[in-house]
Amino acid sequence: MAAPMVAGQAALIRALNPQQTTAQVVNQIINTAAAIGGAVPRRIDVGVSVGVNLASAAHIETTGALKQACETSPGNVVVLSHNTKISNGQRPPATETVATGCTLQLEPFVKVEMDQIALTFNGPFTIIGSNKANLILVKSALSARVLNLNLGGGESLLIIDESKLQATSGDANIMLGALGKIEIKKALMDGSLAASNEIMIAGGDKFSLHLSDAILNAGSGIRVDVLGTEVAVKANKSSLTTSNGGLNVNLPGNKGLVEMGSSSLSAGNGVKLMLGGSEAVLKLTPVTADGGAGDVRLKTGAAGETKATESRLTSATLVRIAAGVGGKCESLENAITAPVRQICP
């Protein structure tokens with residue numbers, strides 16, 4: 001567990017002191033480790049090693065305090081080692097404007113809550129989290145040129161509850177590790193998660209993504225690309241729209257699950273829900289899927305189950321509903337519009 005933290009610390013030191021050699025970076029890490037006693041005799045303190053007086057998590061309770069920490073920390077990096085709740089300051093539709101980008105580095109087990117606040121970053125906004133890091137947004141709005149949420153440690157949690165995350169001039173990238181969980185429920189104003197370019201969501205084994213009354217909107221594509229096994233993607237009363245790109249859910253691992261109900265999928269260049277592993281389940285009841293100029297493809301792998309019921313599927317090219325060898329495929333009471341139809345071949 002310490003390895004990714006040390007690697008991150010080394011990257012920060014090199015960013016602030018690019019002239020240092022590898023040996024000098026290693027020596028700085030070792031020589032600035034701070035003793036904390038107890039079962040862990042030494043602890044690497046990122047703030048000490050890079051010469052930054054990091055704001056204590058207990059002191060960041062307002063949007064103004066986070067703004068100051070982001071703008072004044074070298075490299076615009078703020079390390080949070082304790083649970084933090086920001087619930088005072090600017091509230092939507094007003095916003096606290098941060099003149100720079102910002103990176104929040106969460107140590108293991110740290111939870112960051114943002115409750116009824118609004119922040120706009122004039123640069124990228126990045127969160128880097130380790131094991132069991134949690135980010136919870138409630139009735140809050142975060143806007144930045146680019147969004148990168150990397151909660152790659154195991155069992156991390158991201159909740160976007162009646163809130164909106166927006167990348168105004170780039171991508172919105174979200175990555176969680178094994179057993180990670182994303183819950184996006186309700187929308188704030190006109191959306192839940194938006195990007196001028198692409199929305200990309202990735203995870204590890206037993207990752208789950210749950211959408212409920214959520215609105216996702218991207219200019220050039222929405223991708224859910226998870227390589228792990230036993231991955232679950234569920235959507236209820238939600239809307240996923242990309243005007244120019246494709247909408248792709250790709251779960252190649254075994255026992256993947258996609259369930260969508262009363263939801264809308266719309267893409268300029270195809271809608272593809274592809275569960276390539278064995279024993280996967282794909283169910284749409286009912287869903288509207290419009291692939292625009294591209295295909296609409298719904299497919300599971302060997303011994304999988306593909307079922308579309310009372311759904312409206314539209315494409316300028318092809319609609320395909322299929323299951324792999326030994327699988328089960330059903331198309332019940334669907335309205336399908338396409339030049340080529342391949343329904344449970």
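The values are calculated or read from the model by the stated rules, or taken from the named source; none is laboratory data. Here the structure is a predicted model, which means the values were calculated and not measured. Note: ideal-geometry Cβ built from the backbone for every residue, glycine included; neighbour counts use all protein chains shown.
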Answer yes or no: is there a residue in the stretch 314-328 that is surrounded by fewer than 20 Cβ atoms within 10 Å (Cβ to Cβ), aliphatic (A, V, I, L, M) and part of a strand (DSSP E or B).
yes
Check M189 against each of (1) outside the structural domain of P252 (by TED's automatic domain parsing); (2) of a type outside the set (K, R); (3) surrounded by 20 or more Cβ atoms within 10 Å (Cβ to Cβ) and name the one condition it does not meet.
(3)
Flag if E305 is outside the structural domain of K185 (by TED's automatic domain parsing) and on the phi > 0 side of the Ramachandran plot
no
Looking at the stretch 64-94, which of the residues that are within 21 Å of the chain's Cα centre (by Cα) and surrounded by fewer than 17 Cβ atoms within 10 Å (Cβ to Cβ) is farthest from G123 (Cα to Cα)?
N83
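Quick grid of which residues meet (1) assigned by TED's automatic domain parsing to the domain that holds S140; (2) closer than 21 Å to Q166 by Cα; (3) in a helix (DSSP H, G or I):
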site	(1), (2), (3)
L66	yes, yes, yes
E71	yes, yes, yes
H82	yes, no, no
K85	yes, yes, no
R91	yes, yes, no
T100	yes, yes, no
Evaluation of V98 against (1) touching a Gly at 6+ places or on another chain (Cβ under 6 Å); (2) crowded, with 22+ Cβ neighbours inside 10 Å; (3) under 11 Å from S143 (Cβ atoms) (one fails), failing number
(1)
If you go through N269, N197, N236, the only one that is within 27 Å of A144 (Cβ to Cβ), touching a Gly at 6+ places or on another chain (Cβ under 9 Å) and not assigned by TED's automatic domain parsing to the domain that holds L142 is N269
Okay, strands (runs of 3 or more DSSP E) sitting entirely in the stretch 114-183 with 2 or more residues that are closer than 24 Å to G204 by Cα and in the same structural domain as Q68 (by TED's automatic domain parsing), I get 125-129, 134-138, 147-151, 157-161, 164-167, 172-176
Does I201 satisfy the condition of being touching a residue at least 40 places away in the same chain (Cβ under 8 Å), farther than 21 Å from G101 by Cα, buried (at least 24 other Cβ atoms within 10 Å of the Cβ) and not aromatic (F, W, Y)?
no
Would you check if G228 is in contact (Cβ under 8 Å) with a residue 40 or more places away in the chain, in a loop (DSSP other than H, G, I, E, B) and touching a strand residue (DSSP E or B) at 6+ places or on another chain (Cβ under 6 Å)?
no
